[in-house]
Every structure is written in structure tokens, then in C-alpha cells.
Amino acid sequence: MAERDPIDLIKEQLNGIEKLTGLHADHEAFQQWHTETKTILEKAFSSRSIHYQNFVALKFREMSIKAFASREIDKINAQRYRKDLENVKNVLQGAVKELTLDRTLFKKIQTTPRTVEVSLTGEYFISSGISDLEMVKAVESAFEGSGLQPIHGSEAIQKGDLINQRIEQIRRARLGIYPLISPEKGEVLVEIGIALGLRKEIILLYKNGTPLSGLLKQLNSIEYEHFSDLTEKLKKRIG
């Protein structure tokens with residue numbers, strides 16, 4: 001497991017709230033985010049802390065009786081979900097504030113940890129545009145020890161179900177790695193569009209000197225010189 005600064009971890013969970021808008025309490029993306037946030041708060045403070053208790057008190061739904069499901073109940077639950085997404089922002093912002101104060105005002109008797117052990121679970125998507133075996137190895141090396149397993153977009157091509165299989169792979173993954181080695185290659189741009197549509201985190205890879213369009217410059221990207229440089233930069237980016 002990796003040692004991470006709890007302030008950084010909580011800020012990442014805060015940033016992830018935007019991607020949860022429009023989902024619901026049973027959606028797998030929300031469930032994964034909720035479990036991770038709960039674990040981080042427990043490790044950074046304790047299960048008895050006000051931050052942890054306030055977080056677990058948020059139910060993100062009014063009713064969970066599926067036997068009486070109806071549009072009206074779905075509407076009520078959706079309203080509560082949106083409300084608690086706003087409430088959880090205050091909880092996490094309060095947690096960050098306490099950790100920050102603990103390091104500044106009370107640094108001589110700091111009571112909260114500077115790092116906590118975390119282990120990510122799930123998968124990450126490697127674009128079909130990454131076909132060079134050395135580049136694949138460079139990407140996989142960056143994720144060693146992270147707890148995430150690779151999904152290769154090239155597998156969808158081999159199975160023949162190009163679009164549906166690719167969409168499912170991207171949907172399953174926590175984040176995706178996309179190359180801009182050949183900007184004109186349409187398949188990679190389609191994959192990026194799918195990922196953005198699914199509100200997935202993406203990391204673009206491009207070599208020094210590769211021209212980027214205005215839109216692509218706004219996306220999360222890594223510029224590298226060689227594959228070992230790529231591994232180190234990608235490893236830092238994913239924490």
C-alpha cells in the first residue's frame with residue numbers, strides 16, 4: 001500500500017464529487033467513492049471523529065424499499081442525493097481545514113497523521129492507441145503497487161466488438177491512459193470522447209514537441225521525453 005498525504009486524498013475525493021452529479025446512491029461509481037472516502041476519514045481521524053460520524057450519517061437517499069419503487073420515490077431519493085452531495089462537501093472541507101490547522105497552529109503537538117496507507121482497487125484503461133510494447137510496459141510499471149489492474153483497449157479489437165466492448169472497458173475503469181502519438185488517429189479521440197462522456201478521469205500522454213489543439217490542452221496531460229521519463233511522471237501523477 002502507498003503512503004499518501006490525507007489532505008491530498010480528501011481534496012481528491014472533493015474533486016470527485018462533481019463526477020457523481022446525476023448518479024444515484026446505488027451506482028457503482030458512487031459506491032466506490034463512498035467506500036474510499038469513509039476509509040480515508042477513518043484513517044486520518046478515527047471512527048469516533050466528528051468528520052467520520054458526519055459522513056456516515058449522510059444516507060444519500062430518503063427511502064430504500066425497492067418493493068414500493070415508483071417515479072415519485074425515485075424523485076424524492078434523487079433530491080436527497082443531490083442535497084447530501086452538497087452536505088458532504090462541507091464535511092470534507094471541514095476535515096481538510098482541521099488537518100491544515102493541526103500542521104500549522106498545533107504542529108508541536110500534532111494529533112493527526114501526515115500520511116496514511118491507502119490501496120486503490122479496480123482497473124485502469126490503456127487505450128488501443130498504445131501498441132508499442134515498450135510503452136505498454138512503461139505505463140504498467142507506473143501502476144505497479146497501486147492495486148489497479150490494466151484493461152487493454154486492444155483486447156476489444158481482437159474480439160471484434162469494437163464500440164460496445166470499448167465502452168464497457170472504459171466504463172469499468174477508474175481512469176484511462178490515452179496517447180497522442182498520432183493525433184490524427186481517430187480511434188483514440190473516440191475513446192477520449194467516450195471517457196469524457198462517462199465522466200471518467202483521463203490522462204493524455206504526448207512526446208515533447210507534439211502539437212496539441214486548444215481543447216486537448218485543457219485536459220489532464222503528461223509530456224515526456226522517453227519511456228523511463230514517462231513512467232516516473234505517470235507514477236507521480238497517480239500518486
With (1) assigned by TED's automatic domain parsing to the domain that holds residue 33; (2) of a type in the set (Gly, Ala, Ser); (3) free of Cβ contacts under 8 Å to residues at least 60 places away in the same chain as the list, and residue 95 as the residue in question, which single condition is left unmet?
(3)
Pick out, from the stretch 180-237, the helices (runs of 4 or more DSSP H) lying fully within it that include 1 or more residues that are closer than 13 Å to residue 127 by Cα, without any contact (Cβ under 8 Å) to a residue 40 or more places away in the chain and of a type outside the set (D, E, K, R).
186-197
I'd like the residue in the stretch 220-235 that is surrounded by fewer than 15 Cβ atoms within 10 Å (Cβ to Cβ) and of a type outside the set (Asp, Glu) and, out of all such residues, is nearest to residue 172 (Cα to Cα).
220
Inspect all residues belonging to the stretch 203-212 and state whether any of them is surrounded by 14 or more Cβ atoms within 10 Å (Cβ to Cβ) and touching a helix residue (DSSP H, G or I) at 6+ places or on another chain (Cβ under 6 Å).
no
Take residues that are modelled with pLDDT of 90 or more, surrounded by 15 or more Cβ atoms within 10 Å (Cβ to Cβ) and under 25 Å from the mean Cα position of the chain (by Cα) and tell me which of the strands (runs of 3 or more DSSP E) falling wholly in the stretch 92-164 contain 2 or more.
122-126, 148-152
What pairs come up if the first residue lies in the stretch 100-128 and is among the small types (Gly, Ala, Ser), the second is assigned to a loop (DSSP other than H, G, I, E, B) and at pLDDT below 70, and their beta carbons are under 7 Å apart, counting only those six or more places apart or on different chains?
119/1
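The values are calculated or read from the model by the stated rules, or taken from the named source; none is laboratory data. This structure is a prediction, so every number in the text was calculated from the model and none was measured. Please note: Cβ atoms are built from the backbone with ideal geometry, for glycine as well, and neighbour counts cover all protein chains shown.
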